[in-house]
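So the structure is just underneath, and the comments pick up after that.
The values are calculated or read from the model by the stated rules, or taken from the named source; none is laboratory data. Remember, predicted model here, so these are calculated numbers, not experimental data. Positions of Cβ are generated from backbone atoms using ideal geometry, with glycine treated the same way; all protein chains shown enter the neighbour counts. To get the accessible areas, we keep the full protein, side chains included, count just its heavy atoms, and leave off ligands, DNA and RNA. Shrake-Rupley method; radii C 1.70, N 1.55, O 1.52, S 1.80 Å.
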Amino acid sequence: MSDVREFLKGNEALAYGALRTGLNAYFAYPITPSSEIPETLATEFARSTFPDFRTFLQAASELEAINMVIGAAATGAKAMTATSGPGFSLKQEGLSYAAGMELPLLVVDVNRAGPGLGNLGPEQTDYFQATRGGGHGGYPTLVLAPSSVPEMASFPALGFDLAFAYRTPVILLADAFLGQLKEDLVFPDVPSPSYDVAWAATGARGEARHVLSSLHLELADQSRHSRHLLDKRTRIAQREQRAEEVGTEDAEIVFVAYGICARLARRAVRILRSRSIRAGLLRPITLAPFPERRVRQLIEQGRRKFLVVELNAGQMVDDVRLAAGGAANVELLGEMGGLLPSSLDLVRAAEAMAR
Amino acid sequence: MTSETIVAGHGGQGVLELANWLAYFHLLRGRHVAYTPSYGPETRGGKVKCYVVASEDPIDSPIVEAPDLLIAMNLPSMDYVPLLRPGGTLLVNSSLVRDGPGRTDVTVERVPAVELASGLGRYVPEGGRDPSIAANSVMLGAALGLAREGPARTRATVEEVFRHYLTDRKAAYLPLNLNAVDAGFAFVVRSLLPA
């Protein structure tokens with residue numbers, strides 16, 4: 001183990017991960033349980049520790065913040081904001097514009113519980129909003145789901161890589177548990193990448209004029225643009241499905257879980273295997289595109305029972321069922337309100353299914 | 001080898017700090033650690049419960065469901081006694097809790113944390129706060145005494161923990177907290193000796 005081990009909250013690790021990958025601009029509207037992200041970034045901005053980090057601005061609202069991110073991203077900067085629940089709803093209009101304008105940017109949603117104000121506990125109820133695209137008009141979505149503090153730290157780099165590769169917003173969907181959880185981690189020593197931003201509107205004199213707009217008044221023009229966005233969605237779906245697997249090669253029952261639920265499922269897999277039930281875990285790392293190919297392959301390899309664990313009334317379970325196409329038994333274990341199921345709840349549900 | 005701990009009490013008792021220090025102690029010993037704070041909306045008076053998991057191996061779940069150790073700083077914390085793994089240990093702040101655990105399959109260590117901390121007034125900086133605020137450090141020392149990792153190594157690591165966290169204004173409280181850890185450690189080690 002390396003000596004330079006840090007001990008950070010998920011939110012703090014995420015902020016440092018973004019800084020280490022060369023974050024240029026952060027636009028803040030703090031909201032619990034994501035507030036340690038702007039707090040950490042404001043502190044480091046004041047210290048001038050990271051030379052690429054040129055702008056930290058506290059906006060007057062979530063709407064302002066996302067539109068500032070759009071402005072910064074239009075210049076080719078690595079720009080980001082973070083929010084939770086109510087704030088994520090307010091960002092949806094901006095996400096639609098950014099996708100229509102084909103802007104690379106990062107939005108973090110630390111999912112809290114319930115509709116409206118709800119509470120500050122963890123839920124995964126923003127899954128549909130994030131993966132389907134909560135804004136209007138239809139656009140590609142890319143959603144990453146960290147499951148540990150080290151991943152909270154490393155996913156901003158992955159997020160920006162994908163955002164700039166496809167010129168589209170990337171959503172990092174965490175939950176209140178991961179935001180507040182502290183774990184040990186080592187930051188990988190990788191240089192911050194520079195991306196091709198020949199498309200950016202830099203305002204430089206003598207440069208070609210770049211118009212970044214989501215307005216296409218000619219019907220044929222909008223049709224062309226919509227098809228282009230659809231092609232992008234298809235390319236992303238083909239190339240970017242990511243998942244981690246534990247024990248799926250011989251599993252009689254496969255958990256499908258992400259975020260904090262995947263941690264519970266890991267424990268449940270260990271307990272079940274100690275009781276001679278061959279359990280496995282498929283952990284989606286990309287929620288959009290959903291790793292449906294792996295679900296289909298696992299079914300082709302003989303896996304027939306999937307138990308989806310999520311902190312909602314059943315959202316990702318739809319994607320698993322779509323992928324399975326009726327060829328497997330897919331059941332749901334859901335919990336809500338900021339509460340978590342226990343690993344024994346998972347074990348019992350899996351045992352009942354395995355019978 | 002994985003150890004799982006619940007630290008519970010009320011806001012203002014330094015429960016989050018205690019759990020965080022305990023986790024960082026294990027990190028400095030080269031272990032993987034996970035620390036989950038959970039607390040009510042108020043800084044003082046609200047119910048506080050933290051999880052600390054430490055392991056030589058990567059930690060699957062940070063959620064403590066059957067702790068090896070429960071550090072109960074107040075009476076409501078005794079609600080978590082039923083969770084203790086059989087053979088686990090209840091480390092109880094006997095200054096505030098008189099009740100027994102109501103089960104016979106766990107070890108109980110009663111530490112008068114407030115009284116032990118209150119006797120350390122000479123380590124409080126000039127014009128500083130009541131020494132009883134270091135009751136959490138007494139309990140940290142007691143927990144480390146139970147872990148039996150050797151007094152010299154334990155103390156050296158605790159010092160490193162405090163140097164990391166007690167900075168700026170808090171630095172003046174380093175001697176108080178270190179002596180409070182010593183007091184808790186010694187109290188538990190003495191009680192573990194055969195009579």
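Specify the longest stretch of chain B that does not include any exposed loop site, a site being one of the trypsin sites (Lys or Arg not before Pro) with a non-H, G, I, E, B DSSP assignment and at most 16 other Cβ atoms within 10 Å.
The answer is B:45-97.
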Counting Lys and Arg as +1 and Asp and Glu as -1 over every other residue whose Cβ sits under 14 Å from the Cβ of A:M152, the net charge comes to -4
Residues whose built amide H sits under 5 Å from the amide H of A:N111, excluding neighbours closer than 5 in sequence, are A:A174, A:D175, A:A176
In the protein assembly as shown, taking the dipole from +1 charges on Lys and Arg beta carbons and -1 charges on Asp and Glu beta carbons about the Cα centre, the listed residue (B:H164, A:I31, A:S147) farthest towards the positive end is A:S147
Check: in the protein assembly as shown the Lys pairs 8 or more apart or on separate chains whose Cα atoms fall under 27 Å apart number 15
Rg/Rh over Cα atoms for segment A:231-355, Kirkwood Rh, comes to 0.96
From most to least accessible, 1.4 Å probe, no ligand or DNA/RNA atoms counted, B:S118, A:S343 line up as B:S118, A:S343
Mean accessible area per residue over segment A:1-160 (1.4 angstrom probe, all protein chains present, square angstrom) is 32 Å²
In debye to the nearest 20, the charge dipole size for the protein assembly as shown, taken about the Cα centre with +1 at each Lys and Arg Cβ and -1 at each Asp and Glu Cβ, equals 500 debye
Cβ-Cβ cut-off under 14 Å around A:P122, Lys and Arg +1, Asp and Glu -1: the net charge is -3
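Do the sum for the protein assembly as shown: with -39,500 (n - 2.57) for every DSSP H run of n ≥ 4, divided by all residues, what is the mean residue ellipticity at 222 nm, to the nearest 500 deg cm²/dmol?
Only helices count here, giving -12000 deg cm²/dmol.
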Expressed in angstrom and rounded, the centroid-to-centroid distance over alpha carbons for segment A:246-287 and segment A:298-334 is 13 Å
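Evaluated at 4 °C with a viscosity of 1.567 mPa s, what Stokes-Einstein diffusion coefficient in µm²/s does the protein assembly as shown have when Rh comes from the Kirkwood expression over alpha-carbon pairs?
52 µm²/s
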Of the convex hull drawn through the C-alpha atoms of segment B:36-195, the volume per residue in Å³ is 148 Å³
Of the accessible area of chain A, computed with a 1.4 Å probe and all protein chains kept, carbon and sulfur make up a percent value of 52 percent
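Report Rg(Cα)/(2.2 N^0.38 Å) for segment A:155-254, keeping two decimals.
Working: Rg = 19.8 Å, N = 100, 2.2 N^0.38 = 12.7 Å.
The value comes to 1.56.
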Computed for A with B: buried accessible area summed over both chains, 1.4 Å probe, rounded to 100 Å², at 1800 Å²
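With the full set of protein chains in place, find how many percent of the accessible area of chain B is carbon and sulfur; take the probe as 1.4 Å.
Roughly 54 percent of what the probe reaches on chain B is carbon or sulfur.
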Using alpha carbon centers only, segment A:60-107 is separated from segment A:167-193 by a whole-angstrom value of 18 Å
The answer for the net charge of residues other than A:L95 whose Cβ lies under 13 angstrom from its Cβ, with Lys and Arg +1 and Asp and Glu -1, is -3
Farthest towards the positive end of the dipole of segment B:7-96, among B:I71, B:L96, B:V53 and with Cβ unit charges of +1 on Lys and Arg and -1 on Asp and Glu, lies the Cα of B:L96
One computes Rg over Rh for segment A:1-157 from alpha-carbon atoms, with the Kirkwood Rh, and obtains 0.95
